[in-house]
1. Among the candidates A:Leu34, A:Leu41, A:Leu117, which residue alone is within 30 Å of A:Leu220 (Cβ to Cβ) and assigned to a helix (DSSP H, G or I)?
2. Identify, please: which residue in the range A:192-228 is charged (D, E, K, R) and in contact with a helix residue (DSSP H, G or I) (Cβ under 6 Å, 6 or more places away or on another chain) and is, among those, most open to solvent (accessible area, probe 1.4 Å)?
3. Please go through the range B:103-140 and give me each residue that is in a helix (DSSP H, G or I), within 11 Å of chain A (Cβ to nearest Cβ) and surrounded by 17 or more Cβ atoms within 10 Å (Cβ to Cβ), ordered by number.
4. Quick check on A:Ile186: is it open to solvent by less than 10 Å² (accessible area, probe 1.4 Å), within 11 Å of chain B (Cβ to nearest Cβ), at negative phi and assigned to a helix (DSSP H, G or I)?
5. When the range B:72-89 is examined, which residues are found to be more than 8 Å from chain A (Cβ to nearest Cβ) and more than 16 Å from ligand 2 (Cβ to nearest atom)?
6. Across the range B:193-223, what is the number of residues that are within 15 Å of ligand 1 (Cβ to nearest atom) and surrounded by fewer than 16 Cβ atoms within 10 Å (Cβ to Cβ)?
7. Please go through the range B:281-317 and give me each residue that is open to solvent by less than 20 Å² (accessible area, probe 1.4 Å), within 17 Å of B:Gly232 (Cβ to Cβ) and part of a strand (DSSP E or B), ordered by number.
8. Going by the conditions given, is B:Pro237 at pLDDT 90 or above, within 29 Å of the chain's Cα centre (by Cα), within 20 Å of B:Lys364 (Cα to Cα) and in a loop (DSSP other than H, G, I, E, B)?
Amino acid sequence: MTVQVPFDLSQLDFAAIAQKERARNRTSPWIVVLSVLLALLWVAPFYYLMVSIFKSPEEYAGSSPFALPEGITPVWANIVDAWTTANMAQGFANSALYGVVGASVAVFIAALAAHGLARFQFNGKTFWFMLIFAGTVFPFQMYLIPLFFTYQQMGIINTKFGMILFYTAVCIPFPVLVLRNYMSQISTEMDEAARMDGCSEFRLFLNIVLPNCWSPMAALFLLQFTWIWNDLLFSTVLSQSTDVRSIMSALQVFQGGYASTSPVVVLTASLIASLPTVVLFLALRKTFLRGISISAG
Amino acid sequence: MARVTLTNLVKAYGAHVAVKGINLDIADKSFVALVGPSGCGKSTTLRMIAGLETVSWGEISIAGKVVNEVSSRSRGVAMVFQSYALYPHMSVRSNLSFGLRIAGVAKTEVDRRVAVATEILELGPYMERRPSQLSGGQRQRVAMGRAIVREPQVFLFDEPLSNLDAKLRHQMRVEIKKLHRRLQNTVIYVTHDQVEAMTLADQIVIMRDGLIEQAGTPAEVFQHPANKFVAGFIGAPQMNFFAGTVTEAGQIRLRGLERALDVVPGRFDMPRAGAPVTVGLRPEHIVPQDHGLTPKNPIRFEAEVLLSEALGNETLITSSIGAEEFVTRMLDPRDVADGERMSFALDTDRIHLFDPETERSLRKGSDN
Ligand SMILES: Nc1ncnc2c1ncn2[C@@H]1O[C@H](COP(=O)(O)OP(=O)(O)OP(=O)(O)O)[C@@H](O)[C@H]1O
Ligand SMILES: [Mg+2]
């Protein structure tokens, strides 16, 4: 073997190399056009929403729906109109209660169940898991009629307790599925170390397992909260009075009796109603993107 | 006094018996290594001592007290896991103090013990970091620290160094040795690395298939292996084995060697003439001519080199006597060509003899 003279890097044209690399990665113009078209398709309704809420009912009626608004001040009147007509304050409070309590209790209970399913050996383990899992298989609408009559008989129809009970229960199965898989990946040696450190089973769950599941739990909380918040069907069937119904059923006042309300007010109301889930997503985004590393231990 | 005694210890997983009735008496302050091939039941034994597995049969006593039904945390043992098993969501400091805090130890005492462990293991700069922000060696030290703060009577290690690279492993080996000198607890150390076992332990326990094959000091198990399995397991490269026959004169004939091997008088229980024996010889006792000390009582022979592996400071040479291959080490090596004929001197004073049937050592006074 002979020792080679070091290769002279200065003879290379780096600009040319870079250009060649770029050419290799260049996207076809057709893809770009297609992407833009698809993006417009997605943005169009949103654009319609955004321009409309800044128009007064008269301005909306008198111009093209896609025309830009003349000013932004009418938005205040729209907000006030939407807020009072639909009694949104009450709806907000109710939905927040159902969403926060329902989703967090459901995710916590799911974590308990998942811990048991992932960690303990007991008879009929698969059976219990399949039973819980079955809750995610059937369409929820199937529960509607039996639920309505049961609630009526139990006297919890049109009560906040009844609403929370339903939302909590229906939000448990899916998180069990996700958390069981997640917890199965946590090293059992960590559990054993904790037991040797003197942890009881419950403390092990609370102090060791739960803190390592924050990120999936936050994501699951968000998903279930959003589902509860956006639910219209069950809220409509299980509640009637203003002080129990959720924000989404509150919005129904714009149909039927109050059908005379201008579309701009309806649009404003729906935008306001969907703000909390957006805000919550932005707030919790970091938590589950950060992702506490489990494998690192 | 943390003497650990295992009496007829059995672990059965359903029909599968992982540990088949082992008896072991581990003296206070001693460092015992459990070694053996994968699946032989080392971890299972250790985990029973730790209280992480139930005992199917038999008894474990620590410091004179039977602990079969005592929970892990009350046994006075601490364990270092292969995967370190640190708590990922806690800082190094919290990892160390967690066990003490939940046991309700007073804050000043917790701080004192954490400070001691930190000092011993030089963890000072990392106290506020999470495990994911540490290197493998540092995590290993935190895992040991977590065991130290509990001030256990018995330390249990399950292959603690197997995730580290060779250099770090050596470093940590030295640290574990120092730690044992300093803390003077009883240590039970599971490893499949015989270098670790030989260098760290006062007592080596060789297991196979749920049973103890031999227990003794490193020198004992190396020099006087009780059977062919131990002889082959301890020592690298492993001992060479040849099929031999006992002659009328009480010598041993190997097929492919002209002269029969003399046997040191009185050392072995010799079988009758004509009986087969298994002859064991360590690589260093078949010396390539001019590359090592010529033995006092040699048998010289020539053989073809089948393979040579240069390691720098020595070369491993594979050759054969008759049809049986052997490996030897060439010290102060020169270049060796495959197929070259080479002269060797075989040290007849160093042969081991085993019964080919039972594989037991024929040496007099070997216990099993
Ligand atoms: N929970 C269990 N259920 C059934 N069999 C098990 C269980 N744990 C271990 N075993 C079996 O018991 C035997 C001994 O396992 P053990 O973990 O003690 O081996 P080991 O000597 O530590 O091996 P290694 O060097 O690979 O770690 C193996 O055959 C293993 O398959
Ligand atoms: Mg093991």
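The values are calculated or read from the model by the stated rules, or taken from the named source; none is laboratory data. Please read these numbers as outputs of a predicted model, since none were measured by experiment. Note: ideal-geometry Cβ built from the backbone for every residue, glycine included; neighbour counts use all protein chains shown. Quick note on the areas: whole protein, heavy atoms, side chains included, nothing else; ligands and nucleic acids left out. Shrake-Rupley method; radii C 1.70, N 1.55, O 1.52, S 1.80 Å.
1. Numbers: A:Leu34 fails: within 30 Å of A:Leu220 (Cβ to Cβ); A:Leu41 fails: within 30 Å of A:Leu220 (Cβ to Cβ).
The conditions single out A:Leu117.
2. So in the range A:192-228, the residues charged (D, E, K, R) come out as A:192, A:195, A:197, A:201, A:203.
From what's left, in contact with a helix residue (DSSP H, G or I) (Cβ under 6 Å, 6 or more places away or on another chain): A:195, A:197.
Values: A:Arg195: 73, A:Asp197: 13 Å².
Step by step, filter the range A:192-228, then rank; the result is A:Arg195.
3. Answer for the range B:103-140, where residues must be in a helix (DSSP H, G or I), within 11 Å of chain A (Cβ to nearest Cβ) and surrounded by 17 or more Cβ atoms within 10 Å (Cβ to Cβ): B:Pro131, B:Arg139.
4. No: the conditions fail for A:Ile186.
5. Within the range B:72-89, B:Ser74, B:Arg75, B:Gly76 meet the criteria.
6. Total satisfying the criteria: 2.
7. Once the filter is applied, which keeps residues that are open to solvent by less than 20 Å² (accessible area, probe 1.4 Å), within 17 Å of B:Gly232 (Cβ to Cβ) and part of a strand (DSSP E or B), the range B:281-317 yields B:Leu281, B:Ile286.
8. no
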